[in-house]
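Remarks on the structure that follows.
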Amino acid sequence: MNRPGSRLLIAVLLGTILSGPRAVAAPPAGPAQVAPGHVLRFPSDFGSHPDYRTEWWYVTGWLTTERGETLGFQVTFFRVQTAVAGDNPSAFAPRQLLIAHCALSDPALGHLWTDQRIRRAGLGLAGAREEDTRVWIDDWQLSRNTAGYHASVPAGDFALDLWLRVSGPPMLNGAGGYSRKGPAPSAASEYYSEPDLVVSGTIARAHQASGVRGEAWLDHEWSSQYLPPGAAGWDWVGVNLADGGALMAFRIRDPHGQALWAGATLRDGRGHTHSYGAAEVAFVPGRRWRSGRTAVLYPVNWRLRVGTREFDLAPLMDDQENDARASSGALYWEGAVRLYEARRPVGRGYLELTGYGDPLQLR
């Protein structure tokens, strides 16, 4: 595990990432605010948006090794605008922080291989380009070219070197990329997905390398007020469907587990996309699993309703808890899941569960 060199970085981060209106004070000019009507433009919107408080590039997917093993993987880079630099001209002033999480879901191991990093942006050691996707911390990096993405993460006990070929246009979530997260229009993000990425490359576990192939999903999202007041966490799923389509769904929860808001995007196999509002999406928890490390209880099986369709979610394995409290301050469950409809397998993807231990709030 690569830990930050200063407690200051964690203190700043906990006041910005994964928080809503209770975040630390903004820089004097204030962060930019997400508003409806903005038109996403590519390739520039593939890049970083440093005027907004938080941003992430989230890659998740399923892999098959040369030996026929089934694995899940996650590579995530976060960018966080801080309030501590002000007008300080020093190159060492931490105007932006970069955080990265990576994980492998390995049924043979029984839990995740994980690692994490955090750095202040600058001096060539960490950063996020504005003109296109290129985000890095030291030798960890995610970059984009006309064919797709390259993720290279040489972690402590494992490593990923993956090429992700794009097979279609970005899927804009919400209203043309404006994704509401609560009753107030200000609680929102700009949000698009790149589903059905075709993956090839190599992984290594305990220094034993293997070629892999599979499919993946990339989310890119930026916001200055992600959560509404009273939110404790969220549930999110992104699934590549067997018919060539894609499904993204989420709900924002209060401390009692009730939905404050929800939304979904469904792209069918012909490329037609439909967005669903809060009243059309329901997450119903099923079987639960308790972590032996943290004692947190997570619902790992779900019934999901999107419009008139009902799905069931089942995990590749129960223990896919990721303890990232040394970097982002978050403890969450993030894992590979299968999607079923009328008991038939119809897709594979990833499920994220946050706020099941402590609510997502300042500490």
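Taking the stretch 136-171 as the range and being hydroxyl-bearing (Ser, Thr, Tyr) and either in a strand (DSSP E or B) or touching a helix residue (DSSP H, G or I) at 6+ places or on another chain (Cβ under 9 Å) (or both) as the test, the residues that pass are 143, 149, 152. Scanning the stretch 326-342 for residues that are more than 14 Å from residue 356 (Cα to Cα) and modelled with pLDDT under 95 gives 326, 327, 328.
Check the stretch 307-322 and report whether any residue there is of a type in the set (S, T, N, Q) and closer than 25 Å to residue 227 by Cβ.
First pass over the stretch 307-322, keeping only residues of a type in the set (S, T, N, Q): 308, 320, 322.
Checking which are closer than 25 Å to residue 227 by Cβ leaves us with 320, 322.
Yes - at least one qualifying residue is present in the stretch 307-322.
Each residue in the stretch 242-266 was checked for being over 19 Å from the mean Cα position of the chain (by Cα) and more than 16 Å from residue 302 (Cβ to Cβ), and 8 of them qualify.
State yes or no: is residue 303 over 26 Å from residue 180 (Cα atoms) and surrounded by fewer than 17 Cβ atoms within 10 Å (Cβ to Cβ)?
Judged against the criteria, residue 303 is not a match.
Among the residues of the stretch 138-159, just one is more than 17 Å from residue 219 (Cα to Cα), touching a Phe, Trp or Tyr at 6+ places or on another chain (Cβ under 6 Å) and of a type in the set (A, V, I, L, M), namely 153. Number of residues in the stretch 177-235 that are closer than 23 Å to residue 337 by Cβ, hydrophobic (A, V, I, L, M, F, W, C) and at pLDDT 95 or above equals 9.
Results for (1) buried (at least 23 other Cβ atoms within 10 Å of the Cβ); (2) closer than 30 Å to residue 298 by Cα; (3) touching a Ser or Thr at 6+ places or on another chain (Cβ under 7 Å), shown as yes or no for each residue.
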| position | (1), (2), (3) |
| --- | --- |
| 151 | yes, yes, no |
| 202 | no, no, yes |
| 206 | no, yes, no |
| 210 | no, no, yes |
| 229 | no, yes, no |
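Of all residues in the stretch 119-152, count the ones that are under 14 Å from residue 78 (Cβ atoms), of a type in the set (A, V, I, L, M, F, W, C) and either modelled with pLDDT of 95 or more or in contact with a His (Cβ under 6 Å, 6 or more places away or on another chain) (or both). Looking only at that region, the number is 7.
Checking 231, 175, 204, 216 one by one, the residue that is under 17 Å from the mean Cα position of the chain (by Cα) and aliphatic (A, V, I, L, M) is 216 and no other.
The values are calculated or read from the model by the stated rules, or taken from the named source; none is laboratory data. No experiment lies behind these values; they were computed from the predicted model shown. Note: ideal-geometry Cβ built from the backbone for every residue, glycine included; neighbour counts use all protein chains shown.
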